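The values are calculated or read from the model by the stated rules, or taken from the named source; none is laboratory data. Since we're looking at a predicted model, the values are computed, not measured. As a convention, Cβ positions derive from the backbone with ideal geometry for all residues, glycine included, and neighbour counts pool all protein chains shown. Calculation scope for accessible area: heavy atoms of the full protein, side chains included, ligands and nucleic acids excluded. Shrake-Rupley method; radii C 1.70, N 1.55, O 1.52, S 1.80 Å.
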Amino acid sequence: MEHLFEAFGAVFNPLSAALVIVGTVFGMICGTLPGVSTSLAIILCLPFTYTMDPASAVVLLISVYVGGACGGSIAAILIKTPGTPEAVATTFDGYPMARKGDVGKALGLAVTASSFGTIFSAAVMLVAAPLLAKIALTFQSAEYFGLGLLGLSCITSISAKDEAKAFLSVILGLLISTVGIDTIDGTERFTFGEPFLLNGINYIPVMIGAFAVAEVIRNIEEYRLRDTTKTVGTVSIKLMKFAEMLRMWATFVKASIIGVVVGIIPAAGGSISSLIAYGEAARSNKNDPIPFGEGNPRGIIAPEAANNAGVGGSLVPTMVLGIPGSPVTAVIMAAFIIVGLRPGPLLLRDQPVLLNTIFLGLIFSALLLFLGGRFVTQQFGHILKLPYPLLAPLIIVLGLVGAYSLENSIYAVFVMFIFGLIGYLFDKFQYSNPALILGLILGELVENSLRKQIIIADGSFSGFFERPVSLVILIIVLLIFAWPMIARLTGIGSPRGKKG
């Protein structure tokens, strides 16, 4: 309790409080801009931490992390362009809800879910950090393979009307993920002698193209048929009422648990947790009046609660073991070292106030996100007031900046436009852009984990079934993939996409 009071004084003094406010808003703005990742936002803040005391530096970086995790949803909802990779799943229902005229509700759901996920992960981190970090260390290639398949199982929830086309889409994504130098044996694959393909095809330009550019092409095609006399009124953010949260408590809690657990696993990342949480929400609520993919509120709550819950989760192995839980926490770990904190097993012993400082910083940022985030999101909401002939170029420019800034490469821009055309054709012929991105994001994890485990087991597949955690995950994956067939045979329910 003494350490908690000391941390309270460190977090809620005027300087630290101001840093939390600035950090949260700055993180949200950076998260909103495609290609300007949360990692880059934290890197931009690093020079300001050199002269700060450790507590002030920590709360600034944590608040930027929280704001960035939420900010990605703003662009995902408004212009179908995920500001961060973690917001990919938010586009599935966030953008359809915005198109229906409920943009204020969609943004309010995202802010509410992000705040809840952050507070949930902070509580878990404070109570169970050392224990959860030890569990995360037991994950090896077999478990990572199962985790990748669990993420791919989302295809049963986000599939297009034609399920066969959705599976073909995810297979194409998996094939694209194999382009580049093989990380295990160093051979070149599908590079065709082009140097820019040696590092593979980054999924962010693909994501911007398949979602944003494809949407612009489709809207331009339909623009002459639109009623352009209608204008968008004032965008008013509608935060969820407590009674509404109670009705969806299971979605909030399950998504937050998934976010924390996946966040604790080193290098798993928020993209995986948000996709898994979305898939679980869709499977658990098949009978909702609003189908998933058409503006279901749970389709926004689940991924946003999960990716913000991953903030606290990813900090656990970073602090306790000195192993970054995500690319963002790798930057935060470097910042800790700069200000004189050495992440690892001795950190909590030598700095007993630090864990409480991070806990309070997360809580403060989450509350600020809930109370003040409505102002930031409301300002971005005015984007929809622009006439589409002005909005379309703005979306393309943001996409260009996001794609080019990844590696300062013009080839990434070419990739964006190529997949913009592919995404447009996918929409036109009812293939699944989300499934394509899903396969591309998870392809490397699935392939490398599968091959590493087979190498470790001298060519045997037995390791996948002899390890208890891996076996449980694989059984869950099998049941998820088989469920549509079981539902048809037993008459329990109709598969996703079928209405009857």
Of all chymotrypsin sites (Phe, Trp or Tyr not before Pro) in the stretch 415-449, the ones in DSSP coil with at most 15 other Cβ atoms within 10 Å are F429
Against the rule of thumb 2.2 N^0.38 Å, how large the Cα Rg of the stretch 407-454 comes out | 1.49
Once the Cα gyration tensor of the stretch 83-129 is found, what semi-axes does its equivalent ellipsoid get, as square roots of 5 times the eigenvalues, in whole Å, sorted largest first?
-> 27, 12, 6
Kindly rank 359-368, 104-113 from highest to lowest mean number of other beta carbons found within 10 Å of each residue.
-> 104-113, 359-368
Sort 95-101, 472-478 for me by packing, meaning the mean count of neighbouring Cβ atoms within 10 Å per residue, highest on top.
-> 95-101, 472-478
Share of the stretch 62-112's accessible area from carbon and sulfur, percent, 1.4 Å?
-> 46
Reachable aspartates and glutamates, given that their alpha-carbon falls under 19 Å from the alpha-carbon of K105 and they are not under 8 places away in the same chain | D93, E244, D288, E294, E304
Violations at 32 Å Cα threshold for listed pairs K165/K241; K241/K286; K100/K286; K100/K165; K428/K452; K286/K428 -> K165/K241; K428/K452
